[in-house]
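Beneath this line is the structure, given in C-alpha cells, with notes to follow.
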Amino acid sequence: MVEQECKVSVIADWDADGVVSAAIILYAQHHRGKFPLAERVKPCLIPAGPRSIKKIAEEGLCWDIVVILDIPFTAEVEETIKHLRECGSKIYYFDHHSSTIEAMRKLEDEYNVFVVVGRSPTSVVLQKFLEGLGVKLTPRLREFVKAVAVLEGGKRKPAKEEVAPGIINLAASISKALNQLRDEQAWVKYVKWVSNPLPFEEIKVKVPSREGEAGKKSLLKLGMEISSESDKRIKEAAMNLAMSSRNLGYIKFVDARGKWEGRGASALASNIYKIVNMPVAVFVEKDDGSRLLIIRSGKGEAEKIMRKLYESGIVEDIGGHRNIAVARVGSDVTERMLERALRRASFEAARES
C-alpha cells in the first residue's frame, strides 16, 4: 500500500542504486533536515520501476514534494509526473539513464521538474549534489555509494580494493533479493538500514518456515540466501539458453520466451554474455504480455545497438547503461523484423567502433 500522509515522497528503483539513493535522501531529510525540506521530517518511501510507477497516477496520490530516483524516463513516468504537477507537487528527479538525460529539457520546460542527471550511478550523482549543499554522508552511505559504482560502472568507477570487504557482495545481494521478492516492506527496511547513522544492527522480518509457520529471520541473511538461490537458477538457465543462441551479425540472439519466467532477465543476459563471450540480445516476455529486449556487451555496444533499434522504431522506453540496455519491443514488431533490425544495428555499431 502506498502512503500519502507525509510532506515528502521518495520514489526509487528496486535495485541497489535505487535503495542507496533513497537511503541518501532519507538521511538528508529525516536525520539532517537539509533536503529537500529544511526541516527534519519522515518521507514516504516507495519502490517503483519505469512502468509500475504509473500506480501513483492511477491511485490519484499527491504530496507536497516528490523525489524520483534512478528510474529511466518512460511514457508511464511522464504520465505520473503530469499527474503530480496537476495536483501541485514539486518534483526533483535524479537519474543517470540515457532516456532521462535526453528528456531533461522537456522535463524542465514542460513540467517544471528540477532535474539532476549524470553518467555515473544515481547514488553517485546524488552524493555530489548533496555535498554541494553541505550534506556529508555517513561512512556507511559512502561505502555503499562506492559499492554501487563498482557494480554499475560509470565515468569514475572505483577499484574494488577501494571498497570495504563484503560491501560489494552485500549491495549485489540486496539487488538480487529485492528483484526476486518485490516486497515493499523489505525494500523500505533495506533503505532505512542503509541510511541509519548508528552502527550496524540486525533487521529481522517474518518469513514462512518449512512447516508453514511464520518465523523471523535476519533480512540481510535472507537476502544472501535468496541471492545465492537466484544465482544458481540463473546460471543453469543461462547455460541451456546459450546453446540455442544464434549469430545475427556481431551479436548473439537468444529467444527466451517460454523458456524463462519471472524476474532477473538482465542477470540472465549477463550470464549468457559471459558464456558466449560476445554481445548478446535476449528476448523475453513478461507476465503482463509485454516483450522486452535486453542487450549485454562489454565495450559499450549494448547502448549503441539499442539506440539504433529505437531510431528504427523497433523498441521504445530504453533503460539501462552502456553495457546493458533494456527496452520494450513494439507491439507490432515481429520476431523476423526484430532479427533483421538487430543484424543491421550490430553491423552499424561495429563499423562505428
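Derivation of every value follows stated rules applied to the coordinates shown; laboratory data play no part. A quick note: this is a predicted structure, and the numbers were derived from the prediction, not measured. Because the Cβ atoms are built from the backbone with ideal geometry, glycine has one as well, and the counts that use them run over all protein chains shown.
Ignoring everything except DSSP H segments at least 4 long, calculate the 222 nm mean residue ellipticity for the chain; use -39,500 (n - 2.57) per segment, divide by total residues, nearest 500. Display every interim value, and only then the final one.
On the way: 13 runs with 157 residues, N = 353.
For the chain, the value works out to -14000 deg cm²/dmol.
State the extension gain, in nm to one decimal, for the chain segment bounded by Lys259 and Ala38, taking 0.36 nm per residue of separation less the distance between their alpha-carbons.
Here the segment from Lys259 to Ala38 would lengthen by 74.5 nm.
What residue among Leu198, Leu309, Leu84 has the largest mean-square fluctuation in a Gaussian network model of the chain, using Cα springs under 10 Å?
Largest GNM mean-square fluctuation: Leu198.
From Cα pairs below 8 angstrom and at least 6 apart in sequence, can you work out the relative contact order of the stretch 234-352, rounded to a whole percent?
Reported relative contact order: 24 percent.
On a 0 to 90° scale, report how tilted helix 265-276 is relative to the longest principal axis of the chain, with both axes built from alpha carbons and the result rounded to the nearest 10.
Tilt of helix 265-276: around 50 degrees.
Within 10 Å, count the other beta carbons around each residue, average over each peptide in 137-143, 86-92, 314-320, and list them highest first. Numbers along the way, then the final one.
On the way: 137-143: 18.1, 86-92: 15.3, 314-320: 21.4.
Those peptides, ordered most packed to least, come out 314-320, 137-143, 86-92.
Ser244 to Gln185: FRET efficiency via 1/(1 + (r/R0)^6), r the Cβ-Cβ distance, R0 30 Å, to the nearest 0.05?
The calculated FRET efficiency here is 0.20.
Which entries in the list Lys232/Lys259; Lys42/Lys90; Lys128/Lys299; Lys54/Lys252 go over 22 Å, if you measure between the two C-alpha atoms of each?
Going by Cα-Cα distance, Lys128/Lys299; Lys54/Lys252 fall outside the 22 Å limit.
Measuring from label point to label point, each 7 Å out along Cα→Cβ, what is the Glu58 to Asp332 span in nm?
2.6 nm
Would you order Lys274, Lys189 from fewest to most other beta-carbon atoms within 10 Å of each residue's own beta-carbon?
Fewest-to-most Cβ neighbours within 10 Å comes out as Lys274, Lys189.
Starting from the Cα-Cα distance between Phe114 and Lys192, subtract it from 0.36 nm times their residue separation and give me the gain in nm to one decimal.
Result: 25.6 nm gained on full extension.
With +1 on the Cβ of every Lys and Arg and -1 on the Cβ of every Asp and Glu, and nothing else charged, how large is the dipole of the chain about its Cα centre, in debye rounded to the nearest 20?
1080 debye
Arrange Ser98, Ser195, Ser21, Ser52 by Cβ neighbour counts within 10 Å, fewest through most, would you? Can you show the working numbers first?
Numbers: Ser98 22, Ser195 25, Ser21 34, Ser52 13.
By the 10 Å Cβ count, ascending: Ser52, Ser98, Ser195, Ser21.
Return a whole-number percent for the relative contact order of the chain, with Cα pairs under 8 Å and 6 or more residues apart as the contact set.
12 percent
Under 5 Å between amide H atoms, partner at least 5 residues away or on a different chain: which partners does Val67 have, H built in plane at 1.01 Å?
Ser9, Val10, Ile11, Tyr92
According to a simple spin-label model (label point 7 Å from Cα along Cα-to-Cβ), what is the distance in nm between His30 and Glu79?
3.1 nm
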